[in-house]
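**Q** The structure follows.
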Amino acid sequence: MLTGYRAAFRQMFVLLDKSRREIFKNLLKAIKHWAKQKQVYSNMFGYLSGTILSIMATKICLLYPSGSLSFLLHKFFIIFSEWDWPKPLLLEHLSTKEDLEKLGRIKLKLNSWQIKDIEREGNLMPVISTKYPEINSAKNINENGKKIIIDEMNKSKN
């Protein structure tokens with residue numbers, strides 16, 4: 001739970017420009033509403049979660065820093081329906097051993113998600129949280145869930 005809070009805080013107050021926070025919040029609300037209406041909002045059952053959607057919404061806001069809400073919503077469906085999954089969705093570069101040594105956190109020994117993990121189970125749609133320890137927030141998405149999510153995104157982008 002703490003990781004989710006840290007990631008959300010970082011997305012809202014570090015990665016996003018202050019002037020874009022309201023657009024981000026509205027984009028996230030719209031996407032959550034869409035996911036619930038399309039019945040693809042339940043991490044426990046292999047679908048999207050609030051954390052996953054927050055990371056995805058942040059990525060769209062970073063890619064299009066001056067886009068309107070309707071533009072960003074449209075781009076959300078286009079980009080993620082056509083994303084080259086299992087290419088990981090990252091907001092920042094992954095922490096390296098050198099990064100952690102600089103911060104004095106190497107002794108924590110928490111396992112961070114790594115590119116080499118892509119072949120492991122639970123990495124069909126990797127959506128990686130920000131900063132150490134990076135985790136795949138979408139590890140519960142299975143093949144069927146991925147297909148349904150992408151199908152619904154394809155329907156919504158038109």
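**Q** Does segment 30-86 hold any residues that are among the β-branched types (V, I, T) and within 16 Å of K157 (Cβ to Cβ), and which are they? Break it down stepwise before answering.
**A** As a first pass, look at segment 30-86 and keep what is among the β-branched types (V, I, T): 31, 40, 51-52, 55, 58, 60, 78-79.
Of everything in segment 30-86, those that are among the β-branched types (V, I, T) and within 16 Å of K157 (Cβ to Cβ) turn out to be I31, V40, I60, I78, I79.
**Q** Would you mention how many residues in segment 125-152 are closer than 21 Å to Q39 by Cα and either crowded, with 21+ Cβ neighbours inside 10 Å or among the small types (G, A, S) (or both)? If you could, list the steps in order and put the result at the bottom.
**A** First, pick out the residues of segment 125-152 that are closer than 21 Å to Q39 by Cα: 125-127, 137-152.
Narrowing further to those that are either crowded, with 21+ Cβ neighbours inside 10 Å or among the small types (G, A, S) (or both): 125-127, 137-138, 141, 145, 149.
Here the count works out to 8.
The numbers here are math on the coordinates, done by the rules we state, and not lab data. Small disclaimer: the values here were computed from a predicted structure and weren't measured. A quick note on method: Cβ atoms are made from the backbone with ideal geometry, for glycine too, and the neighbour counts reach across all protein chains shown.
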